[in-house]
Amino acid sequence: MSVLNRFLRYVQIDTQSDPHSETFPSTAKQRDLSNLLVVELQEMGIADAHLDEHGYVYATIAGNSNKPNVPVICFCSHVDTSPDVTGANVKPIVHQHWDGTDIVLPDDPTQILRKNELHDLENQIGNDIVTASGTTLLGADNKAGVAEIMTAAWYLMQHPEIKHGDIKILFTPDEEVGRGTEQVNLAKLGADYGYTVDGEAVGTLEDETFSADGARITITGVSTHPGYAFGKLENALKIAGDILASLPKDSLSPETTQDKEGFIHPVHFEGIQEQAIIEFIIRDFTEEGLKEKEDMLQGIVNEVLQHYPGSSAQLVVKEQYRNMKKILDQHPQVIENAIKAMKRSGLETTARSIRGGTDGSRLSFMGLPCPNIFAGEHAFHSRLEWVSVQDMEKAVEVIVNLCKVWEEEA
Ligand SMILES: [Zn+2]
């Protein structure tokens, strides 16, 4: 079965995750797709394919190499789609041999894909573009990756003459709500290295993510009855306001930074006159960069508090995740082999860094070095989401080539 046919079926299954849910997986409907994937893997002859009690799919394509020490490689994608846009009743449309003209989505004609407005679309003229119909996301993030891994698995099962080591397949729930690795069992998975297949344009290889901390400032003011407050009241809400107003206006925020620049970003505020709390996320590509920003925030707090002698403020920093490059640098073969596999598919590798975290960054620190390779998904988390069939086919080829390269290099 072609990668397109798989993709078209998978995107019609609603697997939206829910950030407010306390269950795991966050939505039961994610299992609808995961169950189907297990059945399909078993039909290919992959006998150990199963869905575990937490909603993860594990499967092994048994190695057929004569070499004893071929590393076990895992390919990983997530089955859930973003909570930002509905993923119910997705109606995928294939625009064959696209000629470069505007693609107007029929169910909401205000949704238009224009080649000059969407990254990489101009490179797709002549290709077959898949979109949704205008009222939903498409779900190429990450069902393109799921379909590609499934198709590569099918291909390997059909071609036993291709030598490879044990190949592990892992489909995770809840990546979009930041919980994709929460219940993963890496001991059971038993892989040495992994690749998430969840990147954008063909050739993309992402080996760097942000390093991330959370910071919380708890401000305790001096509370009095407002009628008797003269010379005494120190309002925690106003102190918090002063702190926020003291943040740089033209730098160090998400809206004023790009590429390798980090930021200090307030994400939550609550309080009463006696006590106020501000929560921040701090991002940078290095730990020194994080430290600088946290020191700066402490400096702002100290400065503001000088004007409120009866009040206090406590800044507490919590680690969230770390740049996976720190781990990947210790295992250069993971990146080298990805570059070789892409080259074999005629692709120039574009190394990129992600201004965010991935399941791969968490997996890397949990013991499975795991960069991210392209799936061809574009404009994700939007109704203009698209993917081209030709890019998905390239991704399948790269996955198969990766299996070959790891065996040959062993
Ligand atoms: Zn994704």
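Among the residues of region 4-36, those that are part of a loop (DSSP other than H, G, I, E, B) and more than 18 Å from Ala144 (Cβ to Cβ) comprise Asp18, Pro19, His20, Ser21, Glu22, Thr23, Phe24, Pro25, Ser26, Thr27, Ala28, Lys29.
Looking at region 359-369, can you tell me whether even one residue there is in contact with a strand residue (DSSP E or B) (Cβ under 8 Å, 6 or more places away or on another chain) and either within 14 Å of Thr204 (Cβ to Cβ) or aromatic (Phe, Trp, Tyr) (or both)? Spell out how you get there, then give the answer.
Step one: filter region 359-369 for residues in contact with a strand residue (DSSP E or B) (Cβ under 8 Å, 6 or more places away or on another chain), giving 359-363, 365, 368-369.
Next, only the ones that are either within 14 Å of Thr204 (Cβ to Cβ) or aromatic (Phe, Trp, Tyr) (or both) stay: 360, 365.
Yes: one or more hits.
Given the residues Gly145, Gly227, which is the only one that is within 16 Å of the ligand (Cβ to nearest atom), assigned to a helix (DSSP H, G or I) and not β-branched (Val, Ile, Thr)?
Numbers: Gly227 fails: within 16 Å of the ligand (Cβ to nearest atom).
Exactly one residue qualifies, and that residue is Gly145.
Any chance region 37-51 includes a residue that's surrounded by fewer than 16 Cβ atoms within 10 Å (Cβ to Cβ), within 25 Å of the chain's Cα centre (by Cα) and of a type outside the set (Lys, Arg)? The answer is yes; a qualifying residue exists. Residues in region 331-374 that are farther than 25 Å from Gly262 by Cβ, buried (at least 21 other Cβ atoms within 10 Å of the Cβ) and not hydrophobic (A, V, I, L, M, F, W, C): Asn337 alone. Evaluate region 326-344: report whether one residue or more is out of contact with any Ser or Thr (no Cβ under 9 Å at 6 or more places or on another chain), at pLDDT 95 or above, within 16 Å of the ligand (Cβ to nearest atom) and more than 23 Å from Asn185 (Cα to Cα). No - not one qualifying residue is present in region 326-344.
Residue-wise test of (1) more than 17 Å from the chain's Cα centre (by Cα); (2) outside the structural domain of Leu328 (by TED's automatic domain parsing); (3) more than 30 Å from Val85 (Cβ to Cβ); (4) assigned to a loop (DSSP other than H, G, I, E, B).
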site	(1), (2), (3), (4)
Gly360	no, no, no, no
Ser364	no, no, no, no
Cys370	no, no, no, yes
Gly376	no, no, no, yes
Phe380	no, no, no, yes
Arg383	yes, no, no, yes
Val396	yes, no, no, no
Val400	yes, no, yes, no
Cys403	yes, no, yes, no
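The values are calculated or read from the model by the stated rules, or taken from the named source; none is laboratory data. Note that this is a predicted model, so its numbers are computed, not measured. Here the Cβ is made from the backbone with ideal geometry for all residues, glycine too, and neighbour counts use every protein chain on show.
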